[in-house]
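Have a look at the structure below, then the notes.
The values are calculated or read from the model by the stated rules, or taken from the named source; none is laboratory data. As the structure is a computational prediction, the values presented were derived from the model and not from experiment. Here Cβ is always computed from backbone atoms with ideal geometry, including for glycine, and neighbour counts include all displayed protein chains. Please note that ligands, DNA and RNA were not included when accessible areas were found on the heavy atoms of the full protein model with its side chains. Shrake-Rupley method; radii C 1.70, N 1.55, O 1.52, S 1.80 Å.
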Amino acid sequence: MDRQRTRLCGPLRSSLENSDIRTGKFQFTSQPQPHGSGPHNNNIEVHFHEDHSKLTLLDWPNSVRESIVNLETNMRVIKSEVITTALKLLDEVGLEGLTMRKLAEALKIQAPSLYWHFANKDALLEGMADALMQSVATSNPADEPWDACLGRVASEMRDALLSRRDAARVFAGTYPLSENVLRVGSLLISSLKQAGADDRVATWGAFTIVYFVIGFVIEEQALGGGKENASPEEAHILSGFPLATIAIREITAANAAERFAFGLDLQIRALRVLVGEMVPN
């Protein structure tokens, strides 16, 4: 269990002298100082337990409870600031350039301080992935058809990933069990369940759409303004593959939004057929 510590003072110190109390998220321990330091100089250490998601307050005085709540609130604000700064840095330096050291420099803190919130870069990327989904599916009409919901949410995901440099690559390969990611995923799955899909089809269908969005945006961001005209060597190679020449013409002639809409519609049509086969006549 990863435990990180800070020292508390004021009402929290006085209420916890000579005690060892555990809450759902924090463990407070009174640490006596060397003899002669004085009766009120004990250090109160707070240990943060990452395997607990909620804070449980015991029957302590209001001043103590407020101290604990304020501490957790400050932790949350600081963590949010780290993620916001990391996303801004991502725009500047890209995924390869995003390091814990550079992030610490941008925050004007020491690099080890980042591990207070994120054990490593993978954990940071999971936090960033969740933040990227914060704006997705925030308004969901109650009477929206299931297939329209799939299309809308997928399009909103694309917009969110396009809002930051390399955002699709940040999201790819992460499976954060966090609020926004779970909220969006649950909505996609529930839409397919509403249509009559079983657990397997609803889950696989939702993930297939997510994979399409991520893969499409990775390619979209990598191409940027598109590929320049083929070099003489490439043109010579293409001359032996006429269908490839046609494919390049068709892809470059359409904008990315049109190609995305085509691929998404193709998947939703397939899901309509598949789910329709599962629903009793």
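Quick grid of which residues meet (1) modelled with pLDDT under 95; (2) farther than 26 Å from Val93 by Cβ; (3) among the basic types (Lys, Arg):
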| position | (1), (2), (3) |
| --- | --- |
| Met133 | no, no, no |
| Val136 | no, no, no |
| Ala142 | yes, yes, no |
| Ala148 | no, yes, no |
| Arg158 | no, no, yes |
| Ala167 | no, no, no |
| Ala172 | yes, no, no |
Qualifying positions in region 178-230 - farther than 23 Å from Asn140 by Cβ and of a type in the set (Gly, Ala, Ser): Gly215, Ala222, Gly224, Gly225, Gly226, Ala230
When region 266-281 is checked residue by residue, the ones that are within 28 Å of the chain's Cα centre (by Cα) and either open to solvent by 60 Å² or more (accessible area, probe 1.4 Å) or among the acidic types (Asp, Glu) (or both) are Leu266
When you look at Ala222, is it in contact with a helix residue (DSSP H, G or I) (Cβ under 8 Å, 6 or more places away or on another chain) and either loosely packed, with under 11 Cβ neighbours inside 10 Å or free of Cβ contacts under 8 Å to residues at least 40 places away in the same chain (or both), yes or no? no
Mind listing whichever residues of region 260-281 are over 22 Å from Asp199 (Cβ atoms) and touching a helix residue (DSSP H, G or I) at 6+ places or on another chain (Cβ under 7 Å)? Phe260, Gly263, Leu264
Which numbered condition Ala230 misses (of (1) in contact (Cβ under 8 Å) with a residue 24 or more places away in the chain; (2) in a loop (DSSP other than H, G, I, E, B); (3) open to solvent by less than 70 Å² (accessible area, probe 1.4 Å)): (1)
Suppose the filter is loosely packed, with under 14 Cβ neighbours inside 10 Å, within 30 Å of Ala202 (Cβ to Cβ), modelled with pLDDT of 95 or more and touching a Leu at 6+ places or on another chain (Cβ under 8 Å); does Ser163 pass it? yes
In region 126-160, anything open to solvent by 50 Å² or more (accessible area, probe 1.4 Å) and either under 30 Å from Met100 (Cα atoms) or of a type in the set (Ser, Thr, Tyr) (or both) is listed as Glu126, Gln134, Ser135, Thr138, Ser139, Glu156, Asp159
Considering each of Ala206, Ala257, Ala235, Ala253 in turn, give the residue that is buried (at least 16 other Cβ atoms within 10 Å of the Cβ) and without any contact (Cβ under 8 Å) to a residue 60 or more places away in the chain. Ala206
